[in-house]
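Chemist: Take this structure first; my questions come after.
Each reported figure results from applying straightforward, stated rules to the coordinates on display, with no laboratory input. The model shown is predicted, which means the values in this text are computed figures rather than measured ones. Here Cβ is always computed from backbone atoms with ideal geometry, including for glycine, and neighbour counts include all displayed protein chains.
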Amino acid sequence: DKAGHKHYMAKEIAEQPVVVAEAIRSCLPAASDRICLPGEDLDFSKLDRLTMVACGTAFYACLTAKYWFERLAKMPVEVDIASEFRYREPPIPERSLALFVSQSGETADTLAALRYCEGKADKIVSVVNVPESSIARESDLALPIHAGVEIGVASTKAFTCQLAVLLMLALKAAADRGTLTDEELADHAAALRGLPSALNTALEQDNSIRVAAQRLSEARDVLFLGRGLMYPLAMEGALKLKEISYIHAEGYASGELKHGPIALIDKNMPVVVMAPRDVLFDKTVSNMQEVMARKGKVILVSDDEGIAEAQDGVWATIRMPYVHPSLTPILYAVPAQLLAYHTAVAKGTDVDQPRNLAKSVTVE
Ligand code: M6R
């Protein structure tokens, strides 16, 4: 049942305000600013490091969470794709938490990586959408993301729900380790409660995103750029676009531009710049200007302030509401998904069942 939408992917994108609210409620009780995990409680003050492993979109959720755990909880984090991790024989130091993220809970490489950590890590925790899945069953603690069934092969609502749960896990770690003040924790709690309404506002930008996507659908290659929390999201935006529109896309850290990819820029190269008006904004804008100086066509995704400051000469803008800087990857996922979706629709490709791809990769 597509609930009036043309594709499951469109329905699942539109569901995000509701399911993300559900995910937030599962760890943030209404009357409190403190994160309270369902099931067995974890004590991050007894843990020194975190190893996160996943594949595809779930891997990008882990890369995003690395920024949160490092900045908010001051915890060293290693992140890897499961197919590399499992064969590398990585040492797992004492007092380590191993964290596996998987929508299906059945991804073969992620499950093998989990089994590798059994008996080595202090605790095995998973963040899953299917509580009965193999990965959930083999973990000491399985945290559900509450996204509901996801049918589109391109993961959308599972990604934002994974991010919401991972951010709350990082806040729990920060509280246990005393690395954020009560005020900072309360700010994050308030911001999380406001997130569903910001996601609704992002969805209302559908028209301007469709116009930008119409232009993208003519491109052969597309570059996505971002810094900090927007860097993993740039890679996720590129993955979404290549999966369903078959346009070649790459996500890069803006600061890497001059170390190679700038050679690709010409008038035929659209560049999607994810740039909320945060502490890294000026740096990203200067990279964006380097792109425009070489006639690259910029689609700037930013908030009111960012767009007012940097829109001169850009090809298109996509306007996001302002949110707390920790929450930008969850919000900016929406335009990344909608850009891919409308580009695929403009090209007439099979959005829900892209060629060569399976929803759940149960063989390596
Ligand atoms: O079920 P999982 O989260 O373990 O799946 C991981 C990847 O196969 C998955 O995210 C894949 O990259 C998606 N098609 C991305 O849209």
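Chemist: Report the Cα centroid-to-centroid distance between the range 313-356 and the range 51-103 in angstrom, as an integer.
Modeler: Going from one Cα centre to the other spans 25 Å.
Chemist: Can you tell me what percent of all Cα-Cα pairs in the range 1-156 are more than 27 Å apart?
Modeler: Across the range 1-156, Cα pairs with separations above 27 Å total 24 percent.
Chemist: Can you give the calculated 222 nm mean residue ellipticity of the chain, where each DSSP H run of n ≥ 4 adds -39,500 (n - 2.57) and the sum is split over every residue, rounded to the nearest 500 deg cm²/dmol?
Modeler: -14500 deg cm²/dmol
Chemist: Continuing with this model, one more query. For the chain, what is the charge dipole size about the Cα centre, in debye to the nearest 20, if Lys and Arg each add +1 at the Cβ and Asp and Glu each add -1 at the Cβ?
Modeler: 820 debye
Chemist: What length, rounded to one decimal in nm, is gained on full extension from K74 through to D48, with 0.36 nm per residue of separation minus their alpha-carbon distance?
Modeler: So the chain would gain 8.4 nm between K74 and D48.
Chemist: Here's something else I'd like to know. To the nearest 20 debye, what is the magnitude of the charge dipole of the range 1-145 about its Cα centre, counting +1 on the Cβ of each Lys and Arg and -1 on the Cβ of each Asp and Glu?
Modeler: Here the size comes out at about 320 debye.
Chemist: Restricting everything to alpha-carbon atoms, can you work out Rg to Rh for the range 165-236 with a Kirkwood hydrodynamic radius?
Modeler: Result for the range 165-236 is an Rg/Rh of 1.13.
Chemist: Something else now. With the Cα gyration tensor of the chain in hand, convert its eigenvalues to equivalent ellipsoid semi-axes via √(5λ) and list them largest first in whole Å.
Modeler: Computed over the chain, the values are 31, 23, 20 Å.
Chemist: Take the Cα coordinates of the range 67-205, assign each an equal point scatterer, and use the Debye formula without solvent to give log10 I(q)/I(0) at q = 0.17, 0.20 Å⁻¹.
Modeler: -1.04, -1.29
Chemist: Any idea what the dipole of the range 241-364 comes to, in debye rounded to 20, about its Cα centre with Lys/Arg Cβ at +1 and Asp/Glu Cβ at -1?
Modeler: The dipole of the range 241-364 has a size of about 400 debye.
Chemist: Separate question: First obtain the Kirkwood hydrodynamic radius of the range 225-322 from its Cα pairs, then insert it into the Stokes-Einstein equation at 20 °C and 1.002 mPa s, and state the resulting D in µm² per second as a whole number.
Modeler: Reported coefficient: 161 µm²/s.
Chemist: Moving on. A 23 angstrom limit on the alpha carbon distance is what I want to check against. Which of K157/K297; K6/K347; K6/K240; K46/K74; K242/K267 exceed it?
Modeler: Listed pairs above 23 Å: K157/K297.
Chemist: In the chain, if the dipole is taken from +1 on Lys/Arg beta carbons and -1 on Asp/Glu beta carbons about the Cα centre, which of Y116, I247, L339 is farthest to the positive end?
Modeler: Final value for the positive-end residue is I247.
Chemist: Now, a different point. Ranked from highest to lowest mean number of other Cβ atoms within 10 Å per residue, what is the order of the peptides 32-41, 155-164?
Modeler: 155-164, 32-41
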